[in-house]
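What follows is one structure encoded as structure tokens, with my remarks underneath.
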Amino acid sequence: MSLLRIAVPNKGSLSIAASDILRESGYRQRDDAKVLSLVDAENGVEFFYLRPRDIALYVGEGTLDIGITGRDLLQDSGAKAEEILSLGFGRSRFRFAGPAGRYTSLEQLAGTRIATSYVGVVRRFLEQRGIEATVTRLDGAVETSIALGVADVIADVVETGSTLRRAGLEVFGETILESEAVLISRTGSVPAGFEHFQRRIEGVLVARTYVMMDYDIPTDRLPEAVRHTPGIEGPTVAPLHKEGWSAVRAMVPREGAQRLMDDLYDLGARAILLTDIHACRL
Ligand SMILES: Nc1ncnc2c1ncn2[C@@H]1O[C@H](COP(=O)(O)OP(=O)(O)OP(=O)(O)O)[C@@H](O)[C@H]1O
Ligand SMILES: O=P(O)(O)OC[C@H]1O[C@H](OP(=O)(O)OP(=O)(O)O)[C@H](O)[C@@H]1O
Ligand SMILES: [Mg+2]
């Protein structure tokens, strides 16, 4: 059987988190950042460590079967590749920014010089709105270009906003796009052997979103307790070795789990336990 060929970011914001999710899914990952590719024959896959910006191109050409990259990079590339799964890390927004207080709306972009590393995304956005401006491509540290007189406005990745603040800039206009790490494949083609890979990754994503909750509850309060913890299909309920008590086990969303524990305690539940799930197949 041929190996599933997978592109993984070799550097930058996505590389560590991408390798982490693959490792959690049971795949071998490199232990040296200089390794260029790695075969995991036991799991039928081969990993290629590439620049995140180039990954959509390899996948779009069909040279590699699937890849992990940023939605913004995929859209910027114009490659014949599409998203198949959002991975929930590397979240950012792509925004216009200018000197604090100087710009308030997109109409003011007309006639400006815009610096960005994402020329494809910015040109398309301006075209769709009929705005004429000069777009200049820079490799990085785009925020500095305004102070150096190369541009009036920038369009760049914003996460915390601290880089913008440090450069005396602020965002304006609507968000150009919301990005996160995504799994991509060639448009319209699902590679052979992909289902197993997808199920493993989805298993880890679900495990990250949910935790397992166990508790004991007086049986007369069971109906209300179960309304709080409906689980996925339904909670497991077993008699406790104590007259009038039941034991409940259910998956619950990680977010809000502490509040849920408080509510269950108030309802009379005791021995409330929360444990991590490492992987699952729902
Ligand atoms: N500060 C950040 N927070 C979250 N995601 C980010 C951040 N910076 C970049 N990204 C995302 O990482 C991807 C860019 O990959 P890239 O490797 O270029 O990141 P980078 O951190 O800019 O690396 P480098 O600057 O070393 O090239 C994009 O999808 C982008 O949205
Ligand atoms: O909103 P923040 O949390 O400050 O993050 C956003 C910054 O992070 C990235 O820069 P990076 O460190 O990758 O440098 P680069 O400009 O050389 O790509 C991005 O290009 C922004 O500059
Ligand atoms: Mg960067």
- prompt: Taking only the alpha carbons of region 211-276, what extent do you get along each of the three principal axes, in Å, biggest first?
  reply: 33, 24, 19
query: Angle, helix 257-267 long axis vs. longest principal axis of the chain, Cα atoms, 0 to 90°, nearest 10?
result: 30
For region 210-225, 3J(HN,Hα) per residue [Karplus equation, 6.51 cos²θ - 1.76 cosθ + 1.60, θ = phi - 60°, Hz, x = Gly/Pro]: 10, 10, 9, 10, 10, 7, 9, 8, x, 4, 5, 9, 4, x, 6, 4
query: What residues have an amide H closer than 5 Å to that of LEU85, excluding those fewer than 5 places away on the same chain, when H is modeled at 1.01 Å from N in the peptide plane?
result: LEU183
field: If the convex hull is drawn through the Cα atoms of region 92-178, its volume per residue in Å³
entry: 83
- prompt: Which lysines, on any chain, are close to LYS80 with Cα under 26 Å apart, when same-chain ones fewer than 8 places away are left out?
  reply: LYS11
- line: If each K or R counts +1 and each D or E counts -1, the residues other than PRO9 whose Cβ falls under 11 Å of its Cβ total +2
Rounded to whole Hz, the Karplus (6.51, -1.76, 1.60) HN-Hα couplings of region 193-208, x for glycine and proline: x, 6, 4, 4, 4, 4, 5, 5, 5, 4, x, 5, 4, 5, 4, 6
- prompt: In terms of modelled amide H atoms, which long-range or inter-chain residues lie less than 5 Å from the amide H of LEU50?
  reply: VAL8, ASN10
query: Between region 84-148 and region 190-254, what is the C-alpha centre distance in whole Å?
result: 44
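Rank-order 92-104, 65-77 by packing density, defined as the average count of other C-beta atoms within 10 Å over each peptide's residues, highest first. Intermediate values should be presented prior to the final figure.
Working: 92-104: 18.1, 65-77: 25.3.
Sorting 92-104, 65-77 by mean packing, highest first, produces 65-77, 92-104.
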query: Can you give the relative contact order of region 45-192 as a percent, counting alpha carbon pairs under 8 Å and 6+ residues apart?
result: 40
field: Inter-label distance, nm, simple model (7 Å from Cα along the C-beta direction), ILE131/GLU82
entry: 2.9
query: What relative contact order, as a whole-number percentage, does region 62-134 give when Cα pairs under 8 Å and 6 or more residues apart are counted?
result: 36
- prompt: Taking the Cα centre of region 126-282 as origin and charging only Cβ (+1 Lys, Arg; -1 Asp, Glu), how large is the dipole, in debye to the nearest 20?
  reply: 560
- prompt: Which ³J(HN,Hα) values, rounded to whole Hz and listed in residue order, are derived for region 89-102 from phi using the Karplus coefficients 6.51, -1.76 and 1.60 in 6.51 cos²θ - 1.76 cosθ + 1.60 with θ = phi - 60°, glycine and proline given as x?
  reply: 10, x, 6, 7, 10, 10, 9, 7, 8, x, x, 3, x, 7
field: Formal net charge of residues neighbouring TYR118 (Cβ-Cβ distance under 13 Å; K, R +1; D, E -1)
entry: +3
message: Given Cα positions, please report Rg to Rh for region 22-82, the hydrodynamic radius being the Kirkwood one.
response: 0.99
message: Please give me the summed charge of the neighbours of VAL226: other residues whose Cβ is under 14 Å from its Cβ, Lys and Arg +1, Asp and Glu -1.
response: -3
- prompt: Considering amide H positions built from the backbone, and no H for Pro or chain starts, which residues 5 or more places from LEU4, or on another chain, come under 5 Å of its amide H?
  reply: VAL45, GLU46
query: Tell me, what are the semi-axes, in whole angstrom and largest first, of the equivalent ellipsoid of the chain as set by the roots of 5 times the Cα gyration tensor eigenvalues?
result: 44, 28, 15
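Just so you know, all these numbers are worked out from the coordinates, no wet-lab data involved. Quick caveat: nothing in here was measured; it's all calculated off a predicted structure. Here the Cβ is made from the backbone with ideal geometry for all residues, glycine too, and neighbour counts use every protein chain on show.
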